[in-house]
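Only one structure is covered here, and it is reproduced in the block below.
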Amino acid sequence: MINTDILMEKPFYLSEGQRKKVTNQIEQMSLQDKVGQLFFLAYYGQFMSDENVLQMVRNIQPGGMMLRPTPQAKAAEIIDLIQANSRIAPFISANLENGVNGLVEGGVSYGSLMQLSATNDPQLVNLAASDIGKQSRALGANMAFAPVVDLNYHCLNPITGTRAFGEDAEHVKDMALSFCKGFMDNGIQPVIKHFPGDGVDDRDQHVLASVNSLPFEQWEESYGAVYKELIDQGVPCVMAGHILLPAFERMVQPGINDQELLPATLSRHLLKGLLRDRLGFNGLIITDASGMCGFTSFATRQETMVNAINAGCDMLLFTKDLEEDYSAVLQAVMRGVISNDRLNEALVRILGMKESINTKMVAEIELSPSVHLVERVFDQSITLVKDNDRILPINTETYHKILLISLGNEDKSGDILAKELEMKGFQVTVFDTKKMDLSLIFGKVADLRANYDLVIYACDYQVKSNQTSNRIEWGMPAGQYMPWFVKELPVIMISFGNPYHLYDAPRIPTYINAYSNADKNIEMVVKKLVGESEFKGVSPVDAFCGMFDTRC
C-alpha cells in the first residue's frame, strides 16, 4: 500500500484529490519508470546532441533534468524535447545561485550570493531572487540548486567563498530566507545546500568528503539553526553534501569507528536521524553530484548508488555511466536491497513535489534583465575593507600614472578595469603577467617611483569546482608580483572574487572586496575609486581572517 500521509504536511500541503493522483501515478508506473524518477540528470550542450537527450529521456524517464548555461533558443528547444518525451514531467533545474546566467548564456547575473549579502538588505535580496525566479520560471525552469547556505568559517576553504552568504548564522538565516521566498513566490523550488554544511574544513568537497568538525552543540547553534529556520519556513528541498558530521554520528552511535563515519549522502544517521527526525524536514532530499570522489570513495560504485537511496536520499544527482548506474539501482529494487516501501517513499516525495508546483513550461520569452536592480545591488555591496593610508578617492592629478597588476584564475577584470580607469583620465600600464618579467622584483626603486604614482592589484580568483586552493599566486621563480613596495608607493588591492586575500597580502594598505567580476560591477568599483559613489557594502565575513597583521 502506498502511504501519502506525508503529503498532507509541510512543505507539500496536498489535498486528498492531489494525494490520490500521486497514488494513481505510482500504481500505473512500470518498475523501470519508477527507478527512472530517482535520477536527476544533466544536460551539457557542448557534449550532447539532441539525439543523446532524446534517447536518455525515453529510455530512463528521469525525474529531473539540470541544464548547464545554454543559449536561450537552444534551452527552450531542449526543454520542449524533454517535456514532449516524458510520461511524467521532470523537474527542470539549473544552478541559479547568481542569476539566470546559470540557465541561459548571457542571462542576468547579480554577481554572487555574497555580493547580495553584502548589501545588508534582506528586502533587496528578495527582490533580486524574485527577479531571478520570475525569469527562470518563464524560461522553463521550476527548480534551482540554490541557495548555498554554508557558513564561511574557514577563510582558506576554496569552495564556499563568495558562493555563501557569510559566516554569521543569524545573518545567513535572514539572507537565505529572503532569497528562498523570492524563488518560491515565483514558481521556483529552491534546493538549499550543502547539508550538513561546508565551510569548516579548508578542503574541497568536490575531490574528497570534507569534514564539518564542529561539536554538535555548536553545530546546532550555527548550521543547524540555519537549516531549522529554513525548514520551519517551508523550504521544500535539501541537497545532501559529501560532508561528514562526526559529532552527531558519535553521539547517536557511541563507539563508532572512524572508518564507519559517512558523508551525509550515505549516512542514515544524518539524513533520517538528524535532518528528518531532529530538524523536522519532510521535503525532498537530493544528493550532490554522485560522481564526486567524496561520494564514490566510500564503497563500490554500485554500492554507493544503492546506499544513498537507502540512507534517505530521494534523488541521485548525475551519473558516471547512466546505463550502469540505472541498472545498479533497478537490480537492487528487484532483489529487495532497496525495499518497495523505500522506493515508494521516495516516489511519493518526488511526485508530490511535482504536484505541488505548476509544471507548465514557457518555452520562449525575451529576457529583460532588471538593469536598475542589478546596478543597485552592485552599488550597495562593494565593500571598503580598509584604507589605512587614506588613498581614496583617487584623482588624476595625484595618481595619474597607474600600474595595474592583474592576477587570478580568470583575467577579464583587469582589462575592463584598465579601460574604465583610462576613461576617467588615468594613464594605465597593464603589467603582462603572462610572460617572464622580473622588472618589478629587480631594479631601482627610484625608477619605480618615477614611472608610477599608484599600483592597483586586480585579483580575479573565482570559486571553481575541483580546485584545492583559491589563494593568490605571486609568480615564479621570484614572486615577481608580490607587493614588496607598499611603503614605496600607494597600493590598492581590489578582489573581484575571493574575499580573503588579505591573508596573503596583510600589509596592503587599501583593500576592497567587490565579490564578482561582472562587467557592470567593475564599472561601479571605478566610480567608487574616484569618489563618484560612496562605499556602502557591509562585509558578511571577517575579511581580516582573524589575524592582527591583516589590519596593519
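The values are calculated or read from the model by the stated rules, or taken from the named source; none is laboratory data. If you're wondering where the values come from, they're calculated on a predicted model, not measured in any experiment. Counting neighbours? That spans all protein chains shown, and the Cβs are built from the backbone with ideal geometry, glycine included. Surface accessibility is based on the protein's heavy atoms, side chains included, excluding ligands, DNA and RNA. Shrake-Rupley method; radii C 1.70, N 1.55, O 1.52, S 1.80 Å.
In the set (1) assigned to a strand (DSSP E or B); (2) open to solvent by 40 Å² or more (accessible area, probe 1.4 Å), residue 6 fails one condition alone, (1). Taking every residue in segment 309-321 that is without any contact (Cβ under 8 Å) to a residue 12 or more places away in the chain and pairing it with any residue that is open to solvent by 10 Å² or more (accessible area, probe 1.4 Å) and of a type in the set (Lys, Arg), at least 6 positions away or on another chain, the pairs with Cβ-Cβ distances below 9 Å are 321/301.
Of the numbered criteria (1) surrounded by 15 or more Cβ atoms within 10 Å (Cβ to Cβ); (2) touching a Leu at 6+ places or on another chain (Cβ under 8 Å), the one residue 11 fails is (2). The single condition among (1) open to solvent by 50 Å² or more (accessible area, probe 1.4 Å); (2) touching a residue at least 60 places away in the same chain (Cβ under 8 Å); (3) in a helix (DSSP H, G or I) that residue 228 does not satisfy is (2). Restricting segment 133-149 to residues that are in contact with a helix residue (DSSP H, G or I) (Cβ under 6 Å, 6 or more places away or on another chain) and part of a helix (DSSP H, G or I) leaves a set whose member that is surrounded by the fewest Cβ atoms within 10 Å (Cβ to Cβ) is 135. Out of segment 507-536, which residues are assigned to a loop (DSSP other than H, G, I, E, B) and out of contact with any Phe, Trp or Tyr (no Cβ under 8 Å at 6 or more places or on another chain)? Answer for segment 507-536, where residues must be assigned to a loop (DSSP other than H, G, I, E, B) and out of contact with any Phe, Trp or Tyr (no Cβ under 8 Å at 6 or more places or on another chain): 507, 509, 530, 531, 532, 533, 534, 535, 536. Out of curiosity, is residue 128 in contact with a helix residue (DSSP H, G or I) (Cβ under 7 Å, 6 or more places away or on another chain), outside any strand (DSSP E or B) and surrounded by 24 or more Cβ atoms within 10 Å (Cβ to Cβ)? Yes.
Provide a single number: the residues in segment 472-506 that are in a loop (DSSP other than H, G, I, E, B), under 23 Å from the mean Cα position of the chain (by Cα) and small (Gly, Ala, Ser). Of the residues in segment 472-506, 1 are in a loop (DSSP other than H, G, I, E, B), under 23 Å from the mean Cα position of the chain (by Cα) and small (Gly, Ala, Ser). Here residue 451 meets the list (1) within 27 Å of residue 95 (Cα to Cα); (2) open to solvent by 20 Å² or more (accessible area, probe 1.4 Å) almost entirely, failing just condition (1).
Is at least one residue of segment 276-286 in a helix (DSSP H, G or I), modelled with pLDDT of 95 or more and of a type in the set (Phe, Trp, Tyr)? Explain how you work it out, then say what you get.
Residues of segment 276-286 that are in a helix (DSSP H, G or I), as a first pass: 276-278.
Filter once more, keeping what is modelled with pLDDT of 95 or more: 276-278.
Subsequent filtering for residues that are of a type in the set (Phe, Trp, Tyr) retains none.
No - not one qualifying residue is present in segment 276-286.
Residue count for segment 236-265, restricted to those that are under 16 Å from residue 278 (Cα atoms) and touching a residue at least 60 places away in the same chain (Cβ under 8 Å): 2.
Does residue 271 satisfy the criteria of being under 28 Å from residue 182 (Cβ atoms), modelled with pLDDT of 95 or more and either charged (D, E, K, R) or out of contact with any Pro (no Cβ under 8 Å at 6 or more places or on another chain) (or both)? Yes.
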